[in-house]
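Presented below is the structure to which this report refers.
The values are calculated or read from the model by the stated rules, or taken from the named source; none is laboratory data. Everything numeric here is computed off the predicted structure, so don't read it as measured data. Cβ placement follows ideal geometry from the backbone for every residue including glycine, while neighbour counts extend to all protein chains displayed.
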Amino acid sequence: MSNIGPKRVICIDAQSADETLGQATYAPGYGLQTYVVQGNGTTSSGVITFEEASWGPSAAGVPAQDYTGTWSAITTVNASDVSGGAQKFVHISATANAYTRPRISTIIGGGGTISVFLHAESE
């Protein structure tokens, strides 16, 4: 696919709870994926994991089937890196026929929360 996007998706909105799942996004067609982790208030501890999984099959008009197993980790961000409203960008390479998502994998400490946004566009 080409000439898709750009789009901005709010994947996680001001959350701190352990195992909060962000919105999954279909990767093909969006070869340029950048997640933005933003701290809201003081975030002294916690981890956000970016993951991918194969879902499917999907067909025209039929949504992909949810994968309920353990997703494969791509990378992580420490919540302390975005304390006080800072942002950290995570660039994801295109993944053939898979979905990507953020997940709060360790509770966010310090009293603040994090938000995660996805900026996606075709190459």
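The residues on offer are Asn40, Asn78, and the sole one that is buried (at least 18 other Cβ atoms within 10 Å of the Cβ), modelled with pLDDT of 95 or more and out of contact with any Asp or Glu (no Cβ under 7 Å at 6 or more places or on another chain) is Asn40.
Scanning region 106-118 for residues that are in contact with a Gly (Cβ under 9 Å, 6 or more places away or on another chain), surrounded by 17 or more Cβ atoms within 10 Å (Cβ to Cβ) and not in a loop (DSSP other than H, G, I, E, B) yields Ile108, Thr113, Ile114, Ser115, Val116, Leu118. Restricting attention to region 16-27, the residues that are within 13 Å of the chain's Cα centre (by Cα) and either over 16 Å from Gly109 (Cβ atoms) or surrounded by 14 or more Cβ atoms within 10 Å (Cβ to Cβ) (or both) add up to 8. Of the residues making up region 11-37, those that are farther than 14 Å from Tyr99 by Cβ, assigned to a strand (DSSP E or B) and modelled with pLDDT under 95 are Leu32, Thr34. Within region 80-105, the residues that satisfy the criterion of being in a strand (DSSP E or B) and hydroxyl-bearing (Ser, Thr, Tyr) are Tyr99, Thr100, Ser105.
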